Amino acid sequence: SGTGVGNMVGGGLALNGALSQKVHGSAGTFNVTIDIFKSITQAITTEPRSIGSGHVIVFQFSQPVTQPGTATAVDTLDANIGNVASVSAQGNNVFVALTGIPDKSRVKVTLSNVNGVAGSYPVSLGFLVGDVTNNRVVNAGDIAAIKARTNATLGSTNFRFDVNANGTITTQDVSMVKARAGVSLP
């Protein structure tokens, strides 16, 4: 007899996944899945879309998040990079809004003290505008991939090719990538 107590959030909280989220004009919001098991010096996931208006990194947890904690963004030398504009929680997700991240950057975004529990959850990704093939260099493969999709309706299978994130895949995207040929993620 007595009053039962539910499973307390905290000790069992696990990071299940992470996404880089960006709005593509009226076409909607699309996510690049981040490999959460790669460190900042490894072959990390690249975010190929224009950095201009910022990105949201979505941390997906195993349990509801009531306190999102704090976030930092650092480069390969552990120096602060860009700005963490906001941190918020909804359901099992924590949303970290980043602005001012330079192109050609490796970034580790770390959440700490989620739900008031000591601990941290780092995810690493690269920002390389135009690397739609995710090989950490902008090359002829990226140009050909975008050309093949020019004027296609934007959706969940081709949003990476809308490099300027305006909601359509056009010759502007092709031109942006052509101008960046040879640029790589350090």
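The values are calculated or read from the model by the stated rules, or taken from the named source; none is laboratory data. In this text, all values refer to a predicted model and were calculated from it rather than measured experimentally. All Cβ positions, even for glycine, are placed from backbone atoms using ideal geometry, and neighbour counts span all protein chains on display. We work out accessible area using only protein heavy atoms, side chains counted, and drop any ligands, DNA or RNA first. Shrake-Rupley method; radii C 1.70, N 1.55, O 1.52, S 1.80 Å.
Conditions (1) open to solvent by 10 Å² or more (accessible area, probe 1.4 Å); (2) out of contact with any Phe, Trp or Tyr (no Cβ under 9 Å at 6 or more places or on another chain); (3) modelled with pLDDT of 95 or more, marked per residue:
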position	(1), (2), (3)
Gln42	yes, yes, yes
Thr110	yes, no, yes
Val117	yes, yes, no
Thr133	yes, yes, yes
Qualifying positions in the range 83-105 - within 30 Å of Gly182 (Cβ to Cβ) and either touching a Pro at 6+ places or on another chain (Cβ under 7 Å) or of a type in the set (Ser, Thr, Tyr) (or both): Thr99, Lys104, Ser105
Test Ile169 against the criterion of being open to solvent by less than 40 Å² (accessible area, probe 1.4 Å), within 19 Å of Asn31 (Cα to Cα) and assigned to a loop (DSSP other than H, G, I, E, B), and give yes or no. yes
Need at least 3 residues that are touching a residue at least 40 places away in the same chain (Cβ under 8 Å) and small (Gly, Ala, Ser) per element, so show me which strands (runs of 3 or more DSSP E) inside the range 10-109 make the cut, counting only ones lying wholly within it. 15-23
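Go through the range 59-104 and report how many residues are more than 15 Å from the chain's Cα centre (by Cα) and among the small types (Gly, Ala, Ser).
Total satisfying the criteria: 6.
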